[in-house]
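K.L.:
Got a structure here, written out as structure tokens. Questions coming.
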Amino acid sequence: MALGYEPHIFCAAATGGMTETDYGTIHKVRSPLKSFRQITLPLNGPLITRHLINYLKDRPGPHLIHSINAWGYIGSAVKKNLKLRGIEVVHIVNSYDTMDHEVRGKLHGLRLAHGIGKWISNYAQYFWIKIVVENYERRAFTEADALLVNYDSVRRLLIDRYGADLKIHKVTYTPETEFLKKTSFHFAT
């Protein structure tokens with residue numbers, strides 16, 4: 001339990017299982033894929049979604065689901081499913097970039113010296129993202145109860161890509177070392 005919460009982290013992995021850590025329980029959902037990057041979301045997403053629904057469906061809400069970038073699609077799908085069961089879910093997404101911006105940066109950086117294989121791989125990723133994965137990212141960002149960003153530049157990227165109706169909130173962040181410093185601040189118990 002952390003600060004009165006019981007964090008559970010769901011992710012795709014080579015093997016399934018649960019691991020208890022100082023910061024919560026990690027639920028590893030076995031995936032047949034060797035990669036767990038965002039571009040695998042259309043394949044790994046439904047696996048994680050099913051496990052998360054099964055975990056929460058018999059636990060009364062409200063629940064808070066915190067997702068990152070396009071993986072927020074999972075939180076949206078889980079929220080929709082649990083709402084039909086009368087279970088309240090609040091879903092927030094942290095975003096650091098859009099997949100379009102990221103892959104365009106990779107394409108812009110390609111040089112002949114990288115070889116034909118890198119060119120083919122990066123352009124294949126670009127088309128996969130544009131045709132398939134971007135739909136998941138759109139749903140993640142537009143259906144979130146709150147979309148958290150750390151920079152105005154990210155806010156602009158998101159608005160340019162998905163419109164001004166996003167529920168964007170700018171939040172600051174700090175490295176873990178700041179939390180470990182001695183302070184006179186105490187959490188209420």
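Each value in this text was obtained by applying a stated rule to the coordinates, not by laboratory testing. This one's a predicted model, so the numbers in the text were calculated from it and none came from an experiment. Here the Cβ is made from the backbone with ideal geometry for all residues, glycine too, and neighbour counts use every protein chain on show.
K.L.:
If each residue's Cβ is checked for other Cβ atoms within 10 Å, how do Tyr73, Tyr162, Tyr23, Tyr96 rank with the fewest at the top?
P.N.:
Tyr23, Tyr96, Tyr162, Tyr73
K.L.:
With the crude spin-label approximation of a point 7 Å out along Cα→Cβ, what separation in nm comes out for Leu33 versus Leu84?
P.N.:
A separation of 2.4 nm, rounded to one decimal place.
K.L.:
Roughly what % antiparallel, to the nearest 5, for the DSSP beta bridges in the chain? Walk me through the numbers before you get to the answer.
P.N.:
Values: 6 of 24 bridges.
Here the antiparallel bridges make up roughly 25 percent for the chain.
K.L.:
May I pose another question? What net charge do the residues around Tyr23 carry, taking every other residue with its C-beta under 12 Å from that of Tyr23, with Lys and Arg at +1 and Asp and Glu at -1?
P.N.:
Residues near Tyr23 contribute -4 overall.
K.L.:
Under the rule of at least 5 residues apart or a separate chain, name every residue whose amide H is placed under 5 Å from the amide H of Phe10.
P.N.:
Placed amide hydrogens put His27 under 5 Å from Phe10.
K.L.:
Between segment 83-116 and segment 149-180, what's the alpha-carbon centroid distance in Å?
P.N.:
What the calculation gives is 14 Å, centre to centre.
K.L.:
Something else now. If each residue of separation counts as 0.36 nm, what is the full-extension length gain between Leu107 and Asn54 once their alpha-carbon separation is subtracted? Don't skip to the end; give the middle numbers.
P.N.:
Details: separation 53, 0.36 × 53 = 19.08 nm, distance 3.94 nm.
The span from Leu107 to Asn54 would gain 15.1 nm if fully extended.
K.L.:
Here's a follow-up. Mean residue ellipticity at 222 nm from the helices of the chain, using -39,500 (n - 2.57) per DSSP H segment of n ≥ 4 over the full residue count, to the nearest 500 deg cm²/dmol? Mind dumping the intermediate values first?
P.N.:
Numbers: 7 runs with 78 residues, N = 189.
About -12500 deg cm²/dmol.
K.L.:
Treating the beta-carbon of each Lys and Arg as +1 and of each Asp and Glu as -1, no other charges, what is the dipole magnitude of the chain about its Cα centre, to the nearest 20 debye? Before the final figure, lay out the partial values.
P.N.:
Numbers: 25 positive and 17 negative charges, 102 e Å.
Charge dipole, the chain, about its Cα centre: 500 debye, nearest 20.
K.L.:
Over segment 1-152, what is the relative contact order in whole percent, taking alpha-carbon pairs under 8 Å and six or more residues apart? Intermediate values should be presented prior to the final figure.
P.N.:
Working: 226 pairs, mean separation 32.2, N = 152.
Computed value for segment 1-152: 21 percent relative contact order.
K.L.:
Something else: What are the lysines whose alpha-carbon lies under 26 Å from the alpha-carbon of Lys79, with same-chain residues fewer than 8 places away excluded?
P.N.:
Cross-link targets: Lys28, Lys57, Lys130, Lys167, Lys170.
K.L.:
Kindly state, to the nearest 0.05, the FRET efficiency for Glu20 paired with Ser121, given R0 = 41 Å and r defined as their beta-carbon distance.
P.N.:
For R0 = 41 Å, the calculated efficiency reads 0.65.
K.L.:
What net charge do the residues around Met99 carry, taking every other residue with its C-beta under 15 Å from that of Met99, with Lys and Arg at +1 and Asp and Glu at -1?
P.N.:
Working: positive: Arg37, Arg104, Lys106, Lys130, Arg138, Arg139, Arg161; negative: Asp97, Asp100, Glu102, Glu134, Glu137, Asp160.
Summing Lys/Arg as +1 and Asp/Glu as -1 gives +1.
K.L.:
Using a cut-off of 13 Å between beta-carbons, work out the net charge of the residues near Ser121 (Lys and Arg +1, Asp and Glu -1, Ser121 not included).
P.N.:
Local net charge: +3.
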